[in-house]
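Step one of this worksheet: look at the structure below.
Just so it is clear, none of the values below were taken in a lab; they were calculated from the coordinates. Model, not experiment: these values are computed from the prediction. Using ideal geometry, Cβ is built from the backbone for each residue, glycine included, and neighbour counts are taken over all protein chains shown.
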Amino acid sequence: MRFKEVLLSVSIITFLVSPASSYPAELKPLFDPGTEEIVDYSKYGEFSNIGTENYKYSIKDRKGLAAAVGEGIYPNTSVYKDPGYREAQAAGRLAGNQWEFVNNDDQTLAFYKWAVASDEPGVKQHYTAVALAKAGYITQAIKAHYAVLVNFPKSVGWTFWHTPLYISKMSLNEIEYLTRTHPELGIRLEDAKIIVENSFDNEISNDKFIINPGKLVKVKPNEVVPPKTDLSKLKIVSSAGSDHVKLVKYENGHWQLLVDGKPFPMKAMAYSPNKIGLTPDNGTLNVQTDWMTADFNKNGKADGPYDAYVDVNKNNKQDADEKAVGDFQLMKDMGVNTIRLYHHSTSKDLLKDGYENYGFMYLMGDFLGMYAVGSGADWYSGTDYSDPAQQKKMMESVKQVVMEYKDESYILMWVLGNENNYGYPGTAGVEPGMGCRAKLQPDAYYAFVNEVAKMIKSIDPNHPVAICNGETVYLNYFAKYCSDVDVFGANVYRGPNGFGRTYWEDVRDLTGKPSIITEYGCPSYLKDNSAKGEELQAQYHKGNWEDIEYNMAGSGFGNALGGVCFEWVDEWWKAGPPPQLDPAKQEWEGWDYKAKARIPGNFRGPFPDGWLHEEYLGVASQGDGSDSPFLRQLKKSYFWYKDNWTK
């Protein structure tokens, strides 16, 4: 993960909230919660053209609807009468821009601020709902998100990268999450469907909205989430792979990965335990210093996998009772069953040992021209996917790794690229680019991916083939061109509640294929509060994995195969290039190439303080760096996985 152009909210941070049954005693009732827990909009207005691009809801009884929905929900304005709002306003606690309140510790203040903000109506309603949820008012939050679906389904916001955010799809995701994780409320959303045709590019002029807001209904708590499907009673209608590794599709459309005939929920780790101070920006991080071959203590073993130790007392040195245990053992103890290799491998023996003694399978990758790797292109021109000479070189690169590893028992599947769809050429001294032109030529890129997949299958029909996309950007191109790719993989960073109903639904509806989340994660950095930062990182990982797990075969959309936690240990070279940022120092800031200045993180996004701090993404840290690459300080997220991935 680096220099991402991800489809993220400007700063949406929807932290996990406590169940309604365990609200803190000090949670005050809302001044005006509305007269209806589930609002019957048909009593106060008229729906027309539901399920079409001409959908509309027209309010007939504005006063009655305002009374029913309660404060903070369109068209109610009673928040101005709320004593809490008046007190905060008089004390000056609501001064400033509403976006400054998204990460405020007091989310009741955020609710007041957003409820009266001047902003695009759908954006205003969505973030009001987000604040309500974080403040603990779950029922009102569900009502507020549903108001987006009814009143503002075509609302569009914008990310840090000025890519569009479809607010109604975001609110749909939040309703699904809040109702599923709070079954005690007995609220279920039925029949809702938000389709935005042509939404997988960065344009909005060609978008076509087809809207059905569905209905919120009252059900018994045990009826909120449908029971799991017994897969043993379903027929397998298609498969890919071999008896050792097989991808199967059941008659209900759900997908499952099997290894030696047994379900294999992929619990994967991105693993790059590189020595502090090294960076590819100046060539010091290379094949000689790569984690597979690095042996800085010269004992004949790879440092990270075998010589890492846990600094239990966090004194940044190896005490007599802190024996070397190795990352492989620590990851096995955590429940990891798969390691993602981004581009080839430099040690078969290491991979074999990881498989035979620690149980690791591997996602074997090829960058497929990303970062100009394997194509022969220079960095600033970037890989050109329409160039036959570059295509040939990339084909040869993939063929070489497939021929070398296709008969190894530890290969789980082949993964092509690493969010190449974000790739664009750069300008020396101005903009670094990404050594790849796929963003500018999606037809050529995705068509080439499919040709590579066909080549792989011609020499290795025994393993599935996946792509690693950046988010769902250009998902329509993938659907159009990549019929021979078995799995849609994507690096996705959408927040602590997971990836959302619309992620799994979009992949299912457009491609008919299963999905793996090829990267997900969260920094542990929170200025002046590392303990809270670790807790919020653990909550983020919890929400992400539970979303993946819920959508595996037999539950939810049934098309999740697993995910790759990003990442094992903090890497200190990722904030930006030297000399602007020092790879021997753990930086929380990032670098703005155009402004030629430091910024508060790599980019804004749905993370604990609203910024991605890329040098803090590990579930383990390297302490103060004085004993790199051996020292590990395990974070709270590690222990969450250890408790949950090993059940």
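Could you point to the residue in Val225, Gly214, Phe160 farthest towards the positive end of the chain's charge dipole, with +1 and -1 charges on the Cβ of Lys/Arg and Asp/Glu respectively?
Among Val225, Gly214, Phe160, the one farthest towards the positive end of the dipole of the chain is Gly214.
Would you calculate, for the chain, the mean residue ellipticity at 222 nm contributed by helices, counting each DSSP H stretch of 4 or more residues as -39,500 (n - 2.57) and dividing by all residues, to the nearest 500? Write down the numbers at each step before the final one.
Working: 14 runs with 172 residues, N = 647.
Rounded to the nearest 500, it is -8500 deg cm²/dmol.
Under the rule of at least 5 residues apart or a separate chain, name every residue whose amide H is placed under 5 Å from the amide H of Val415.
Met364, Gly365, Asp366, Ala466
For the charge dipole of the chain, defined by +1 on Lys and Arg C-beta atoms and -1 on Asp and Glu C-beta atoms about the Cα centroid, which residue among Asn337, Gln622, Cys482 has the Cα displaced farthest towards the positive pole?
Cys482
Round to the nearest 0.05 the FRET efficiency obtained for Thr427 and Ala584 when R0 = 30 Å and r is the Cβ-Cβ distance. Don't jump to the answer; show the numbers that get you there.
Values: r = 28 Å, r/R0 = 0.93.
Once rounded, the FRET efficiency stands at 0.60.
Hey, which of these cross-link pairs are over 31 Å Cα-Cα: Lys193/Lys513; Lys208/Lys393; Lys298/Lys454; Lys134/Lys635; Lys215/Lys267? Display every interim value, and only then the final one.
Numbers: Lys193/Lys513 20 Å; Lys208/Lys393 40 Å; Lys298/Lys454 43 Å; Lys134/Lys635 24 Å; Lys215/Lys267 35 Å.
Table pairs above 31 Å Cα-Cα are Lys208/Lys393; Lys298/Lys454; Lys215/Lys267.
Can you sort Leu368, Leu363, Leu526 so the residue with the fewest Cβ neighbours within 10 Å comes first? Write down the numbers at each step before the final one.
On the way: Leu368 28, Leu363 24, Leu526 21.
Least to most surrounded, the residues fall as Leu526, Leu363, Leu368.
Give me the Kirkwood hydrodynamic radius of the chain in Å, from all C-alpha pairs, to one decimal place? All intermediate terms of the calculation are to be shown ahead of the outcome.
On the way: mean 1/r = 0.0388 Å⁻¹.
Computed over Cα pairs of the chain, the Kirkwood hydrodynamic radius comes out at 25.8 Å.
Given the peptides 465-473, 160-168, arrange them by the average over their residues of other C-beta atoms within 10 Å, most packed first.
Details: 465-473: 26.1, 160-168: 18.9.
Answer by packing, highest mean first, reads 465-473, 160-168.
For a quick check: sort His145, His343, His613 by the number of other beta carbons within 10 angstrom, fewest at the front.
Working: His145 31, His343 18, His613 27.
Least crowded to most crowded, the residues run His343, His613, His145.
Hey, got the dipole for region 20-223? About the Cα centre, +1 on K and R Cβ, -1 on D and E Cβ, debye to the nearest 20?
400
For region 20-223, compute Rg over Rh where Rg is the Cα radius of gyration and Rh is the Kirkwood radius from the inverse mean 1/r over Cα pairs. Could the numbers behind the result be given before it?
Values: Rg = 16.8 Å, Rh = 17.5 Å.
Ratio of gyration radius to Kirkwood radius for region 20-223: 0.96.
Based on the inverse mean of 1/r over its pairs of different Cα atoms, what is the Kirkwood hydrodynamic radius of region 316-475, in Å?
Working: mean 1/r = 0.0585 Å⁻¹.
With all distinct Cα pairs of region 316-475 included, I get 17.1 Å.
Rounded to the nearest 20 Debye, what is the dipole magnitude of the chain about its Cα centre when Lys and Arg each give +1 and Asp and Glu each give -1 at the C-beta?
1260
Kindly identify region 448-549 as rounded, prolate or oblate by the Cα gyration tensor criterion: order the square roots of the eigenvalues as a ≥ b ≥ c, call it rounded if a/c is under 1.5, otherwise compare a/b with b/c, prolate if a/b is larger, else oblate.
Numbers: a/c = 2.91, a/b = 2.28, b/c = 1.27.
Prolate shape, in that a/c is at least 1.5 and a/b is the bigger ratio.
Just name one of Ala320, Asn252, Tyr446: the one whose Cα is farthest towards the positive end of the charge dipole of the chain (beta-carbon charges, Lys/Arg +1, Asp/Glu -1).
The Cα lying farthest towards the positive end belongs to Asn252.
What are the ³J(HN,Hα) values, in whole Hz, obtained from phi via the Karplus relation 6.51 cos²θ - 1.76 cosθ + 1.60 with θ = phi - 60°, for each residue of region 489-502 in sequence order, with x given for Gly and Pro?
Using θ = phi - 60°, the values come out as x, 8, 7, 9, 10, 10, x, x, 8, x, 10, x, 3, 5 Hz.
Taking the Cα centre of region 432-581 as origin, work out the dipole magnitude from +1 charges on Lys and Arg Cβ and -1 charges on Asp and Glu Cβ, in debye rounded to 20.
Working: 13 positive and 19 negative charges, 71 e Å.
Using only the charged Cβ atoms, the result is roughly 340 debye.
List the residues whose amide H sits under 5 Å from the amide H of Val245, counting only those 5 or more places along or on another chain, with H placed 1.01 Å from N in the peptide plane.
Residues meeting the amide H criterion: Asp260.
Could you go through region 272-282 in sequence order and give the Karplus-derived ³J(HN,Hα) for each residue, using 6.51 cos²θ - 1.76 cosθ + 1.60 with θ = phi - 60°, rounded to whole Hz, and x for Gly and Pro?
Once θ is set to phi - 60°, the couplings for region 272-282 become 8, x, 8, 5, 4, x, 8, 8, x, 5, 10 Hz.
Over 10 Å intervals from 0, what percent of Cα-Cα pairs in region 312-371 sits in each interval?
19, 38, 26, 15, 2
Starting with the highest mean, order 311-319, 133-141, 560-568 by the number of other Cβ atoms within 10 Å, averaged over the residues of each peptide.
Values: 311-319: 13.7, 133-141: 23.7, 560-568: 25.8.
Put in order of decreasing packing, that is 560-568, 133-141, 311-319.
Which ³J(HN,Hα) values, rounded to whole Hz and listed in residue order, are derived for region 78-83 from phi using the Karplus coefficients 6.51, -1.76 and 1.60 in 6.51 cos²θ - 1.76 cosθ + 1.60 with θ = phi - 60°, glycine and proline given as x?
5, 4, 5, 8, 5, x
Taking amide H atoms as placed 1.01 Å from N in the peptide plane, list the residues 5 or more away in sequence, or in a different chain, whose amide H sits under 5 Å from that of Met269.
Thr338, Ile339, Arg340, Cys565
Ranked by Cβ crowding within 10 angstrom, fewest neighbours first, how are Phe200, Phe478, Phe639 ordered? Intermediate results must be reported in sequence, preceding the final value.
Working: Phe200 20, Phe478 27, Phe639 14.
Least to most surrounded, the residues fall as Phe639, Phe200, Phe478.
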